[in-house]
1. Where in segment 213-332 are there helices (runs of 4 or more DSSP H), lying wholly inside it, with at least 3 residues that are at pLDDT 90 or above?
2. I'd like to know if segment 197-208 contains one or more residues that are modelled with pLDDT of 95 or more, under 21 Å from residue 289 (Cβ atoms) and within 9 Å of ligand 2 (Cβ to nearest atom).
3. How about segment 10-30: which of its residues are at pLDDT 75 or above and exposed (fewer than 12 other Cβ atoms within 10 Å of the Cβ)?
4. Checking residue 171 against (1) modelled with pLDDT of 95 or more; (2) within 16 Å of ligand 2 (Cβ to nearest atom); (3) in a loop (DSSP other than H, G, I, E, B), only one condition comes out false. Which one?
5. Could you look through segment 179-192, keep only residues that are within 10 Å of ligand 2 (Cβ to nearest atom) and over 21 Å from residue 376 (Cα atoms), and pick out the one that is surrounded by the most Cβ atoms within 10 Å (Cβ to Cβ)?
6. What single numbered condition from (1) touching a strand residue (DSSP E or B) at 6+ places or on another chain (Cβ under 6 Å); (2) within 14 Å of ligand 1 (Cβ to nearest atom) fails to hold for residue 183?
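The values are calculated or read from the model by the stated rules, or taken from the named source; none is laboratory data. Computed from a predicted structure; not experimentally measured. Backbone-built Cβ (ideal geometry, glycine too); neighbour counts: all protein chains shown.
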Ligand SMILES: [Zn+2]
Ligand SMILES: [Zn+2]
């Protein structure tokens, strides 16, 4: 029979691997054991196995494995979505029959709500169009954001869709379409996270986080109650004074006793408690991106800019926010309340850009730090959040007639933007495979 220790080790191992895989690339973990483990597992180990396979089978196993890996990660199909759906459903199948009779009325009311909401937001995140840019939607999406002349420059066409790329959009190579304000392609929802379903994605993370924490804590309460029927002074916290007379092995034996209440429910409780920090971590990361007024895709662009700044390759100069626009390459009007006042370019040789037709006015000056650059898409946390939660919200309501540079609230927004620009690249490059 499978012991509690084996179940715990397997669940712990899966959670740890998931953490390393998804978070190991974050700059915050650079030069830490987490990033070294990520490189070991995802770069050095595969290279080592490939070299062995080259010698033994001339690389046949590797090519089949990498084909399967590429199929899972880079082709559009619902395998991971089905896995996620089954993980939720099977966990609830094992958990609920044992736990439900012990729930109080409050939990019998809130429990079903907590269970249903992740399914609802999973459905909405999957089946709401993320903001596909087609000839019929192009005008609408062009009017969402102005080009910031920093991350997004006008007059760039998508070679596949053959349409002018709206600011903040990106072509998804998995879905083979351009998506408005593309955050990333998410294998869990088998779709892109873009301007039109970003809020459902965040709500999916939030409700899944609540479900795992809520279910985990309730399960823990039931298991502890079961242990206490035999050891009345027992506490979940191993360092508690009531456990002081127990050795570690006695502590784990008492757990085993408690899980006899229901092994399935106990395993799901552990799974929920171990995966919950991952979900909350991911949600925190996405809220952080909202706070910085950026997306996963843009945070990688900011991080690239910082590397080029370190090499002295980036220059900026001023831009007149009220300049006449060429309607053939950029929208004359957008719903966004601010216009760019800077042009940022990178050069190959570290010398100021040359050429008469470059946008902007005045002298080019080198830029060394992200904090010296404005993020046009950061209006402050609450407006950034409003932009995510209410796709297409018109931030220019009521002040259309005023010159752009004098609109109400602009100075406040500007100071917040410049203050936070330095941080927006800090959370760059979470695995875009999530
Ligand atoms: Zn495209
Ligand atoms: Zn996609």
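1. 263-292, 296-310
2. No, there is no match, as no residue in segment 197-208 is modelled with pLDDT of 95 or more, under 21 Å from residue 289 (Cβ atoms) and within 9 Å of ligand 2 (Cβ to nearest atom).
3. 13
4. All conditions are met except number (3).
5. Among them, the one singled out is 192.
6. It is condition (2) that residue 183 fails.
Per-residue answers, yes or no, for (1) exposed (fewer than 14 other Cβ atoms within 10 Å of the Cβ); (2) modelled with pLDDT of 95 or more; (3) outside the structural domain of residue 197 (by TED's automatic domain parsing):
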| residue | (1), (2), (3) |
| --- | --- |
| 71 | yes, no, yes |
| 85 | no, no, no |
| 95 | no, no, no |
| 98 | no, no, no |
| 104 | yes, no, no |
| 114 | no, yes, no |
| 121 | no, yes, no |
| 151 | no, yes, yes |
